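See below for the structure under consideration.
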Amino acid sequence: MKGLGTRGLGLVVATMVIAPGPAKAGHHQDGPAEAGPHVRGRAVRGLNQTSVGSGFSRTVDVAPVVSGFSRTVTAADDAVKKQLAGEWTLVKYEIFGENGQTRPGNYDIGRINYGDKEMSAHLMRSGRPKEAPATEAARAAAYQGYLGYFGPYTIDADRKIVVHHVAGSSLPNWLGTEQVRHYAFSGDGKQLTLSLKNGDRITQTLTWERTAR
């Protein structure tokens, strides 16, 4: 960010295992993001966390994080920040199984915005009922059909990652987590992909196009 020479990264390595399954009413919603651990400026030692939601379960293994770790913002980081800046519209969300099969992600409508200091993301399923939910089942379905979160973000151009530091979310278990995205841009800069990885294997990819002004 402008005017900052260093920044804390916190989460430096995250791996995920995603097992697809049918969505069930009452489950906690889980989105495309890496449901990372709660990291609030403290060291984490061999944390392994599993959460279930929105039709698939997730295990997150986090390498030790040294509290207070920071790195110098580089010119390459600033260049990526300029590319990310603005609003993007979701055009495709895919989940990749270990067997090579591809299935659609849980959301087909979305926006993500990168500002000067913070980002925000909104994802939802199309075809949701327009009436206010009046039953527990309807409220559970409404909860599962939407994901929103926001917070500061940091960029590591050397590793081609952007980290979303979640300050607020529709998912309570995401508060204080650091969501890692592996980014890539199309040649003309009009398309952005944000991917999740398990080791070197891509497990999920969200493809965005720059929103027309």
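Read-outs throughout are calculated quantities, based only on the coordinates presented, and are distinct from any laboratory measurement. Nothing here was measured: the structure is a model prediction, and the numbers come from that model. Methodologically, a virtual Cβ is constructed for each residue, glycine included, from the backbone with ideal geometry; neighbour enumeration extends over all protein chains shown.
Using a/c under 1.5 as the rounded threshold, could you call the range 63-213 rounded, prolate or oblate? The axes a ≥ b ≥ c are square roots of the C-alpha gyration tensor eigenvalues, and prolate needs a/b larger than b/c, oblate otherwise. The shape class here is prolate.
Ranked by the mean number of other Cβ atoms within 10 Å of their residues, highest first, the peptides 176-187, 119-130 come out as 176-187, 119-130. Each residue, Lys130 and Val91, gets one label point 7 Å from its Cα in the Cβ direction; the gap between the two is 2.9 nm. Per-residue extension of 0.36 nm, minus the Cα-Cα distance of Leu175 and Ala212, leaves a gain of 10.2 nm for this segment. Extension gain for Arg111 to Ala184 (0.36 nm times residue separation, less C-alpha to C-alpha distance): 24.6 nm.
Cross-link pairs exceeding 30 Å in C-alpha to C-alpha distance, out of Lys81/Lys130; Lys130/Lys197; Lys92/Lys160, comprise Lys81/Lys130; Lys130/Lys197.
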